[in-house]
Every structure is written in C-alpha cells, then in structure tokens.
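Below is one structure; the comments refer to it alone.
The values are calculated or read from the model by the stated rules, or taken from the named source; none is laboratory data. Note that the structure is a prediction, hence the values are computed from the model and not measured. Cβ coordinates were reconstructed from backbone atoms using ideal geometry, including for glycine residues, and neighbour counts include every protein chain displayed.
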Amino acid sequence: MKTWEIYAIRHATNDTRTRGVNFISDPDPMKPLVLDFFCWVLRCGREVIVVDTGIDPETGAKNGHRQIMPPPEGWTALGIDPAQVTTVLLTHAHYDHLGYLDALPKARFYMQAEEMAYVTGPWMEKPTFRHAYKADEIARLVHLLHDGRLHLHGREFDVADGISAHWVGGHCAGQEVLRIRTQRGWVVLASDALHYYEEFERGIPFTVAFNISDMMAAHDRIRELADSDNHVLPAHDPRLLNHYPAISPEMEGRILRLDPVPEIGA
Ligand SMILES: [Zn+2]
C-alpha cells in the first residue's frame, strides 16, 4: 500500500481582502483576512503527481494577488523537472488553479467532466459564474482535450494507489476534493471546497459559490473521506503556515509539507 507525501507551494497572496469579502453576513466584515494561494505536489518515491498549477502572474496582478513564487520554481525546488511530469490533477478550472499549463509539456491532465461542461456551457453567460474563469485558459483546456491530453472523468475517480478524486460541486459545478493515503492516514485535500478552516469549523459557506447547498454538503462528504477533522486541508488559508513545516529554512513561507501531524493551537 502506497503512502504519499503532500507538498504545498504558496505561490501568491492577497492581503487587501476583508472577512466581509469572504464570508456572508460576517459580524466583523471590515476586519482584514489574508487570502493565500497554494498549489500542490503529491510524491511517493519517484512518482510525482502535480495538483493544480497556480496563477498566471498577469491575471493574478489584475486581480490584486501578489506572486510569491512561480509554481515551476516550486516544482524545481522539490527536485521535479516540469518537463518530465506526466500526471496533473485539476481540482477545478478557476484561473488561480490553471496558470502554467504549458510549463508541463508531457503531462496528461485530469478534471471532472462536469467542470468542463460547466465552463463551456450556458452558465457562462452569467458574469457572476464566469468571473473566476479566463476564456483563453478554458480554450487551452479544449485544445488539450482534442490533443488527447485531458481526461474528463466521472464524479468518483481512482487516480493511483492511495489517491482518489471525489466530486463535491458547490464552489463551482465540478469542484472536486482528493483523498490521499499518507503516513498518518487518510488526508483530504479539499482544494476550494474549503478556502478557510473556518468554513469547516463553523459550517459556513464561502462567498464565491455556484450552489450553496452542494457547498454545505461538501463539508459532510469531506468528513466521511478524512480520518478526522485534523486530516483536512483547505486551499487558501494562511493558518496552514502555522500548522505545517516549511521544507527548509530557505523555503519558509513558500513550500510547506502537509502530510505530517499538524501543530494545532499555533
Ligand atoms: Zn482557488
């Protein structure tokens, strides 16, 4: 039975946001709340799986996000040659998860079929649903599909021994979470099914939503899939920096290792 290491690359941050931007009816809406941006690498010996590919820096800057580290630099720092990566999981197609696709020339990409139907279908007529997608990145996905480099899978998908993808929807039509076997048991990488731990802890939705009932049901699904609440990883929470170690002093605030037991209470 394989166990996987999980690494997070903190590639961008936005310290201009407030709680009111992130949580509906927050009692303290003007209080600042940093939004960090992570993408991930799963590793078992020489086997490497990339999960999401960060933000194109121009798109990030346009949206007020400051780049910390281009993901390809993060991959290299982890000893990975981007030209040799063969498997990339896309948890959904929002622009902050879909930059740098072309930095991975040999990769085959995997995504929920429902996400592709969503981003190329009638819901995109509505600005509220399309605003976190970038048309040229979606067009790039269409090209990858026609080149045989994008596999669109069903709701439940076995990626590898010890890794499975599970549809939850909510944040967008095809949002998925990943269940990963690690040295300490089953961890759920929730991606944007949870932006912050707080959504999970307080049972509240995030503001960017396609379907709030699916978003809330995702919390229950995550609890079914993870060994405990302590085995759950949100996608955008600066608290991750307090709970998990950097891979080296030089990579402090940039690359974290997420499979050890978290230091909760920090
Ligand atoms: Zn995101």
(message) Condition check: loosely packed, with under 15 Cβ neighbours inside 10 Å and not small (Gly, Ala, Ser). Does residue 199 satisfy that?
(response) no
(message) Any residue in the range 231-254 that is at pLDDT 95 or above and within 16 Å of the ligand (Cβ to nearest atom) sitting within a Cβ distance under 6 Å of a residue that is of a type in the set (Val, Ile, Thr) and in a loop (DSSP other than H, G, I, E, B)? List the pairs, counting only those 6 or more apart or interchain.
(response) 238/34
(request) Those residues that are assigned to a loop (DSSP other than H, G, I, E, B), out of contact with any helix residue (DSSP H, G or I) (no Cβ under 7 Å at 6 or more places or on another chain) and surrounded by 13 or more Cβ atoms within 10 Å (Cβ to Cβ), I need them from the range 232-251; list them, please. (result) 235, 236, 238, 244, 245, 247
(request) Select, from 64, 60, the only residue that is buried (at least 20 other Cβ atoms within 10 Å of the Cβ) and either more than 18 Å from the chain's Cα centre (by Cα) or within 26 Å of residue 244 (Cα to Cα) (or both). (result) 60
(message) Residues that are within 16 Å of the ligand (Cβ to nearest atom) and of a type in the set (S, T, N, Q): does the range 214-230 have at least one?
(response) no
(message) Condition first: among the hydroxyl-bearing types (Ser, Thr, Tyr), within 16 Å of the ligand (Cβ to nearest atom) and surrounded by fewer than 16 Cβ atoms within 10 Å (Cβ to Cβ). Can you find one or more residues in the range 129-146 that meet it?
(response) no
(request) For the range 52-107, name all the residues that are within 27 Å of residue 156 (Cβ to Cβ), of a type in the set (S, T, N, Q) and away from the ligand (no atom under 16 Å from the Cβ). (result) 86, 87
(message) Testing residue 170 on (1) on the phi > 0 side of the Ramachandran plot; (2) crowded, with 20+ Cβ neighbours inside 10 Å; (3) touching a strand residue (DSSP E or B) at 6+ places or on another chain (Cβ under 6 Å); (4) not basic (Lys, Arg), one condition comes back false. Which one is that?
(response) (3)
(message) Considering only the range 152-169, I want to know if a residue exists there that is within 16 Å of the ligand (Cβ to nearest atom) and out of contact with any Ser or Thr (no Cβ under 7 Å at 6 or more places or on another chain).
(response) yes
(message) Return the residues of the range 131-163 that are under 25 Å from residue 207 (Cβ atoms) and over 18 Å from the mean Cα position of the chain (by Cα); say none if nothing qualifies.
(response) 135
(message) Looking at (1) of a type in the set (A, V, I, L, M); (2) surrounded by fewer than 22 Cβ atoms within 10 Å (Cβ to Cβ); (3) touching a Pro at 6+ places or on another chain (Cβ under 6 Å), which one does residue 21 not meet, given that it meets all the others?
(response) (3)
(request) For residue 39, work out the one condition from (1) of a type outside the set (S, T, N, Q); (2) away from the ligand (no atom under 16 Å from the Cβ); (3) under 23 Å from residue 197 (Cβ atoms) it doesn't fulfil. (result) (2)
(message) I'm trying to understand the selection: among the residues of the range 49-71, which are among the aliphatic types (A, V, I, L, M), over 17 Å from residue 165 (Cβ atoms) and out of contact with any Lys or Arg (no Cβ under 6 Å at 6 or more places or on another chain)?
(response) 55, 61
